[in-house]
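Colleague: Let me give you the structure first, and then I'll get to my questions.
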Amino acid sequence: MPQLETEIEAAVFRRLLKHLDNRKDVQNIDLMNLAGFCRNCLSKWYRAEAGERGLEMDLEAARTLVYGMPYSEWKAKHQEEASAQQLAQFQAPQAEGVGH
């Protein structure tokens, strides 16, 4: 049963990445403001979990896995300037001492 659970979790993760890839219109700041994590968080989590299992991975390799392309390319093609409202919402928890 643990193997099946791992396979399901892996499939769900791949499905999440595909969903995020199909929703490039959803900016990382939107994800952070709504859910408290973004594509960059997923990249960092992936890298950390790989390291826990003895696999050295740099952040750019993890980002490429999550973004489906090099991060710099994704930013150039899809990242928009954050609005004043988005920035204010993002900074509000930090002002309250919560942080992202």
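Colleague: Please note which helices (runs of 4 or more DSSP H) are completely contained in the stretch 5-73 and include at least 2 residues that are among the basic types (Lys, Arg).
Modeller: Working: elements: 28-35, 39-52, 59-67.
Ranges flagged: 39-52.
Colleague: Another question, then. Working carefully through the options GLN79, GLN3, find the one that is surrounded by 10 or more Cβ atoms within 10 Å (Cβ to Cβ), modelled with pLDDT of 95 or more and polar (S, T, N, Q). Lay out the reasoning, then the answer.
Modeller: Numbers: GLN3 fails: surrounded by 10 or more Cβ atoms within 10 Å (Cβ to Cβ).
Sole residue among the options that is surrounded by 10 or more Cβ atoms within 10 Å (Cβ to Cβ), modelled with pLDDT of 95 or more and polar (S, T, N, Q): GLN79.
Colleague: Condition check: under 11 Å from the mean Cα position of the chain (by Cα) and of a type in the set (Ser, Thr, Tyr). Does SER72 satisfy that?
Modeller: Details: under 11 Å from the mean Cα position of the chain (by Cα): no; of a type in the set (Ser, Thr, Tyr): yes.
Answer is no for this residue.
Colleague: Can you name the residue in the stretch 9-23 that is in contact with a helix residue (DSSP H, G or I) (Cβ under 9 Å, 6 or more places away or on another chain) and closer than 15 Å to HIS78 by Cβ and, of all such residues, is surrounded by the fewest Cβ atoms within 10 Å (Cβ to Cβ)? Before the answer, list the steps.
Modeller: Filtering the stretch 9-23 for residues in contact with a helix residue (DSSP H, G or I) (Cβ under 9 Å, 6 or more places away or on another chain) gives 13, 16-17, 20-21.
Within this subset, residues satisfying the condition of being closer than 15 Å to HIS78 by Cβ are 17, 20-21.
Numbers: LEU17: 17, LEU20: 18, ASP21: 14.
Among them, the one singled out is ASP21.
The values are calculated or read from the model by the stated rules, or taken from the named source; none is laboratory data. Just so it is clear, the model here is predicted, and its values are computed rather than measured. We place every Cβ from the backbone using ideal geometry, glycine too, and count neighbours over all the protein chains shown.
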